[in-house]
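Following: one structure in structure tokens, then a few remarks.
The values are calculated or read from the model by the stated rules, or taken from the named source; none is laboratory data. On a predicted model such as this, the values are computed, not experimentally measured, just so you know. Because the Cβ atoms are built from the backbone with ideal geometry, glycine has one as well, and the counts that use them run over all protein chains shown. SASA here: full protein model, heavy atoms, side chains in, ligands and nucleic acids out. Shrake-Rupley method; radii C 1.70, N 1.55, O 1.52, S 1.80 Å.
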Amino acid sequence: MRKITKIEQTVPKIPERKKVAAYARVSMETERLHHSLSAQVSYYSELIQRNPKWEYAGVYADEAISGTSVNRPEFQRMLADCEAGKIDIILAKSISRFARNTVDLLNVVRHLKELSIEVRFEKEKINSLSSDGELMLTLLASFAQEESISISNNVKWGVRKRMQEGIPNGHPRVLGYRWEGDQLVIVPEEAEIVKRVFQNFLDGKSRLETEREFEAEGIRSINGCVMRDSNLKTILSNITYTGNLLLQKEYISDPIDKKRKKNRGELPQYFVENTHEPIIDMETFQYVQDEMARRKELGALANKSLNICCFTGKIKCPYCSLSYMHNARKPRTKYGQTLEFWVCGSRKKKGGHCDVKGSINQRSMEKVLADVLELDEFDENIFLSEIDVIYVPKSYTLEIHFKDGRVITKDCPNTGHQECWTPEYRERVSKQRRKFGTNPKGASCLTSKIKCEQCGCNFRKQTQRHTDGSTVTHWRCSAPEKTCGTVSLREDLLKQMTAEVLGIEQFDDDTFLERIDHISVVSATELVFHMKDGSTVSREWVKPKKTMPPWTEERREKQTQAIRDSFTPERRQAMSEKMKQIRSEKYWASTKK
């Protein structure tokens, strides 16, 4: 018999096309380079779309941005699309167009290699996924970085040569002036603000006072922002307002990271006289500089807008090199007194840490200083005249340095807890304890009256806050290990049960204390009330069911709106593509059957 073999119909396999994108960049904003960028975009768009094996994924182009950093908008957008799986191959004209920083280039290429994304450099003919690709990239990227440094040095040389001739580098914006060509011209409205800043300083006002004054009047900086302390300091120290220019006040040390630094003598500066009309005369400006130096020497004591005292800036931490800061602690009750403490400034900072633990109580410190100065009572004027500085070498210890060179070390124990016990506070606590026999904070008639029969511990009161702002009080066993098997008792239900046991309509504290000795919690379902006359009453405890609050129209509308907002256009697009893929897979699966 002849053998017959059925040949099934086969579906031709369509080769998957690679998603290809290109990156282009020019570092300067000129007409010629703009044309070059347009030409690059057009070239790569046509190149990718002409190849039948490629799928066009776009061209990313940055204009007027240096390649020494990866913080470029289009470059970062391209990397984000790579992470999202939208790109398989990246085309670039050359390594220098992609990046001029060797470290950044290698990091980016290695990251893309982990994602199986290939980078092709046209000029150097390098493929990042090839075996020798990274070696060639390292060598050529170093050349590109050195070329960038060389260009930077050439530019710096030209800038400094112009500064030597008295020509400023660009036209920086200055409040009170505007540039007309290469000449600074006074803006009358802004000049009045500058004069007012100087006048306030000469009148003895602090920069903080001027800042608050300007904010209340709506006076803004040259950028339209609120005039802060740093802006006022810049105005007061800017010699441009005297009609002269000081060139190279700042410089860039590294052309790669491009961080600006203040020129504190590392490079020469150039003082150009009488370049424009002054707003402030030189004599006034110099007086302000001297006064700023004097106030800086005084520190916080020079700023009268701050809440300072004789100890401000006098107490120092020898480890953190920071001054101790004032800290007022409010009393816990209306009968207590406000206590004042001094803590190391590092502890006031986020993430700060100081080796010296604890704080210094101001009253205790005043007693110690009065004893050291041989005074009956502490005197601020004598303290300021005789004592230079106080160091805190360890907890509750003062190292007092006199202006005559003497050094005395004294203990300064923290007695804040004892001092808070005023006669009124002590009387109130005594009365509370006599009534309830416990600590007065949060005590009630049930405190120490509910006992666990399993472990012998008392039940403690705990308050539970709900999302709607309401609170519910529970009583729970205070045993550290929850092995006794008891449950929490809701206070309102427990009081209702107690009122039924006592035969009264409503729970009353005095009646409870008069007739009931204590309540024993035998198990999760049984309570025993022990009366003072020796009798006992047993009751079954039914754990209340948890009930959820009904949905209000406002809550329902809020939930509906939240669901609608969650369906963003990106999410809808992703879901649509996912459904297309599922349908496609189902179709091909059905054709194979």
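When you look at K586, is it open to solvent by 60 Å² or more (accessible area, probe 1.4 Å), free of Cβ contacts under 8 Å to residues at least 24 places away in the same chain and out of contact with any helix residue (DSSP H, G or I) (no Cβ under 9 Å at 6 or more places or on another chain), yes or no? Taking the combined requirement at face value, the residue satisfies it.
What do you reckon, is D376 under 40 Å from the mean Cα position of the chain (by Cα), surrounded by fewer than 18 Cβ atoms within 10 Å (Cβ to Cβ) and among the acidic types (D, E)? So D376 does not fit the description; no. Of all residues in the stretch 370-415, those being touching a strand residue (DSSP E or B) at 6+ places or on another chain (Cβ under 9 Å) and not in a loop (DSSP other than H, G, I, E, B) number 19. In summary, helices (runs of 4 or more DSSP H) completely within the stretch 22-106 and bearing 1 or more residues that are open to solvent by 20 Å² or more (accessible area, probe 1.4 Å), under 20 Å from E124 (Cα atoms) and at pLDDT below 90 occur at 31-50, 95-98.
The set of residues in the stretch 523-534 being out of contact with any Gly (no Cβ under 9 Å at 6 or more places or on another chain) and surrounded by fewer than 15 Cβ atoms within 10 Å (Cβ to Cβ) consists of T525, E526, M531, K532, D533, G534.
Identify all residues within the stretch 503-512 that are surrounded by fewer than 17 Cβ atoms within 10 Å (Cβ to Cβ) and under 21 Å from E526 (Cβ atoms); write none if there are none.
If the condition is that a residue be surrounded by fewer than 17 Cβ atoms within 10 Å (Cβ to Cβ) and under 21 Å from E526 (Cβ atoms), then G503 is the only one that fits.
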